[in-house]
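Please read the structure below before turning to the comments.
The values are calculated or read from the model by the stated rules, or taken from the named source; none is laboratory data. Everything numeric in this text was worked out from a predicted model, so none of it was measured. Methodologically, a virtual Cβ is constructed for each residue, glycine included, from the backbone with ideal geometry; neighbour enumeration extends over all protein chains shown. Surface areas here come from the heavy atoms of the whole protein model, side chains and all, with no ligands, DNA or RNA. Shrake-Rupley method; radii C 1.70, N 1.55, O 1.52, S 1.80 Å.
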Amino acid sequence: MKLIKYYLTTLFLVSLLVQSCATVEDVALSAENEIQSFTITRGELSKEFEISNDSITGIVESNFELNDLTLKVLISKGAKINPDPATIKSITAPFALTVIAENGEDRVYNVDIKREPSVENSVLEFNLTNETFATTAKINLENGEITKRIPEFVDLKNLSIDLKFSKYATISPDPKTIKDYSSPVSFTVKSESGLEKVYQVKFEYMNNDRLQSCTDANSDKWFGGDDRTNVPDILSFDRNVGTGQTIIVDKDLVPSVFSVDLKGGFRYFQGNTYYDKAVTLKLIVRDENSKILATTTTDVPAGFNGGMIPFDLSKHNLFMEAGKKYRMFWYVVNGDVIGVNSGSNANSSNGSGFCFNSGWTGESKKSKNTTLEDLSVWYEHWWHFNIELEGKE
């Protein structure tokens, strides 16, 4: 009986061994080494390419840049690919991908993807600058005209230009070589695909007179120094009050005269006596970022009894661009010292247009070591102060 059991056990073990050997021989390594899909993605753009035999070729649209890419390549199960598609971030020339099957057999795929040449041939931006002037010309993409009215203080024979045009395009002549725009200048922009478009630059001087006036008054604001001795929280001969107005022009303007409207002559509040001497006013012109563009003064003569007081801006070469904000602040020089005041006429009604931009007021105090030169003492006022602006457009 023991002998029989021995033979049966031996037969079973031999059977298992034979079966195991047969299983190992039956499991062959895969020879699959195909690229099953190939997709490139850049931002929100994505495109899948057809695979033909051992080639992957195609063209993307001109706005599909072939840099900062993500490649997604699906290959046969168990296979490997070289180089790793995750390391390929740009396509600048044909390249190869090698797919290696489990059994070691490899297959080379040649990839050739190009971007379609751009047809864009536009001038996108045309900026003009010199030492005291900067602006942007108007570009008509339909007729190719680039135009701008230029202040008369600008030398058209010595302009610096910053010209931007379509990506991949070329331009002739080189804008950096052109300084003289006293007569029309032509540029040819050639797209990457070879399409050409001619742009002609025409500049004219701003020589049309313009006067804008705001004279409707129903209020007036304290303007100048203060000699009162019986007002809470106000010291005599301590404070100086100025007013201001935001300017927005609807067309580019070179201002020559800016005028402010005062209710009457300067006087002391105590005793209501007039100050029978000339008073100097100062004007500060700031841009919308509060940068000072110009300062000037004017004298109000003795005997003045109210009306517009002009500031001469003709020598300051100011240029006000349409739609931008400019802040005009005016006040009495040494108003706290002389202690006399007048009133800045204003319109407290609501409205729109040139005369209804925000007003400003400022108050400095000797006791706090502040002056009306300090931007921090100015704040917007809900009235619109009476002014006149004269210049060329």
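Here are a few things to note about the model shown:
- Scope region 301-314; condition surrounded by fewer than 18 Cβ atoms within 10 Å (Cβ to Cβ) and either under 19 Å from Leu262 (Cβ atoms) or modelled with pLDDT under 95 (or both); matching residues: Pro301, Ala302, Gly303, Asn305, Gly306, Gly307, Met308, Pro310, Asp312
- Residue match in region 345-352 (condition: farther than 23 Å from Thr135 by Cβ and either free of Cβ contacts under 8 Å to residues at least 12 places away in the same chain or acidic (Asp, Glu) (or both)): yes
- Meets criteria (touching a Phe, Trp or Tyr at 6+ places or on another chain (Cβ under 6 Å) and outside any strand (DSSP E or B)) for Ser90: no
- Residue within region 117-127 that is closer than 30 Å to Ile292 by Cα, modelled with pLDDT under 95 and of a type outside the set (Val, Ile, Thr) present: no
- Among residues of region 171-198, those that are aromatic (Phe, Trp, Tyr) and more than 27 Å from Met320 (Cβ to Cβ), counted: 1
- Restricting region 21-58 to residues that are surrounded by 10 or more Cβ atoms within 10 Å (Cβ to Cβ) and more than 30 Å from Ser90 (Cα to Cα), the residue that is modelled with the lowest pLDDT: Cys21
- Answer residue from region 315-346, given it is assigned to a strand (DSSP E or B) and open to solvent by 20 Å² or more (accessible area, probe 1.4 Å) and is nearest to Asn272 (Cα to Cα) among those: Asn345
- Verdict on Leu124 being without any contact (Cβ under 8 Å) to a residue 40 or more places away in the chain, farther than 30 Å from Lys315 by Cβ and open to solvent by 60 Å² or more (accessible area, probe 1.4 Å): no
- Pick from region 266-282, criterion open to solvent by 70 Å² or more (accessible area, probe 1.4 Å) and part of a helix (DSSP H, G or I), ranking: farthest from Pro310 (Cα to Cα): Gln270
- From the options Val99, Val108, residue that is within 18 Å of Ser55 (Cα to Cα), part of a strand (DSSP E or B) and open to solvent by less than 20 Å² (accessible area, probe 1.4 Å): Val99
- Scanning region 142-175 for residues that are more than 30 Å from Ser314 (Cβ to Cβ), of a type in the set (D, E, K, R) and out of contact with any Asp or Glu (no Cβ under 9 Å at 6 or more places or on another chain) returns Glu142, Glu145, Asp174.
- Yes/no for Ser349 being in a helix (DSSP H, G or I), open to solvent by 20 Å² or more (accessible area, probe 1.4 Å), at pLDDT 95 or above and not β-branched (Val, Ile, Thr): no
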